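Working notes, structure below.
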Ligand code: PAF
């Protein structure tokens, strides 16, 4: 632990953090956890605030996890703003910042492999091979280190949430997962650390992803999946600077792709991924209790 002039505690090593949290648990306090890769924005802060409301002690980790990047350039360019992050966390009411380096989190090379069945073959799993293996690895490590009662994740990474839910169920982590709503800019653009790599014009272009999702939403009642997909593609073809990677309609909980809307009942997700100025962005809308009946 390092003494700071502020009340938020900073930890960089595992043992001092664990010793501290052991005492917190002994006092019967609830620990809430928000894992992040830093470059924080209002979306992360909404998780911190919710975590603060529902727990006695809020822990946030900031670690840019190398094993979840399948593109070395993406890893190199990922914004690293720890000092600013720490100030934002402190202001939002975070109690503990855990900011380990790579040697702390990966003291030896691991060959561990997770397999998440169909989740590996659709959307993010299909286009970012190995990504979820890295996420599962680091989240498992973080859950073991922090042993939180609750952990908070954003809905923007919907498929990640499904992966982590599977991880928690299958490995019996005693943690309650909380999915929090997407926070958007005024123009609809979903907040993301990657937005920092876009200028104002590019961010305005990127906001068309949300507009495309909203358009798709209006078509759900009367159109087929194919018609909706065609319309989203056509809409985005007319926006200069967006390169669509996928648009899918899926079950919001299992992420199984939905091909027939007439028979689907349940929470539906419209999911999109695209490049704007070389930056890969994702977004989604969840429609709860969808049914045409
Ligand atoms: O969502 C993220 O920021 C990351 O994937 C996570 C969960 C912190 C793991 O590195």
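Bear in mind these aren't lab numbers, they're just calculated from the coordinates by the rules spelled out. Since the model is a prediction, treat every value here as computed from it, not as a measurement. Backbone-built Cβ (ideal geometry, glycine too); neighbour counts: all protein chains shown.
The figures follow:
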| quantity | calculated |
| --- | --- |
| Extension gain, residue 27 back to residue 253 (0.36 nm per residue minus Cα-Cα distance, nm) | 77.8 nm |
| Segment residue 293-residue 70, extension gain: residue separation times 0.36 nm, minus the distance between their alpha carbons | 76.1 nm |
| Helix 82-92 axis, angle to the chain major axis (alpha carbon atoms, nearest 10°) | 90 |
| Tilt relative to the chain, helix 225-237 - C-alpha long axis, 0 to 90 degrees, to 10 | 80 |
| Relative contact order, percent, the range 79-171 [alpha-carbon distance under 8 Å, six or more residues apart] | 24 |
| Surface/4 of the Cα convex hull for the chain, nm² | 15.9 |
| Kirkwood Rh, Cα atoms: Rg over Rh of the range 225-293 | 1.02 |
| Alpha carbon convex hull of the range 1-142, projected area averaged over orientations, nm² | 9.7 |
| Rounded to 5, the percent of DSSP beta bridges in the chain classed as antiparallel | 55 |
| Relative contact order, percent, the chain [alpha-carbon distance under 8 Å, six or more residues apart] | 16 |
| Nearest 10 degrees, 0 to 90: helix 14-26 Cα axis against the chain principal axis | 90 |
| Efficiency of FRET from Cβ geometry, residue 53 and residue 245, R₀ 35 Å, rounded to 0.05 | 0.45 |
| Spatial separation of Cα centroids for the range 79-122 and the range 207-284, in angstrom | 29 |
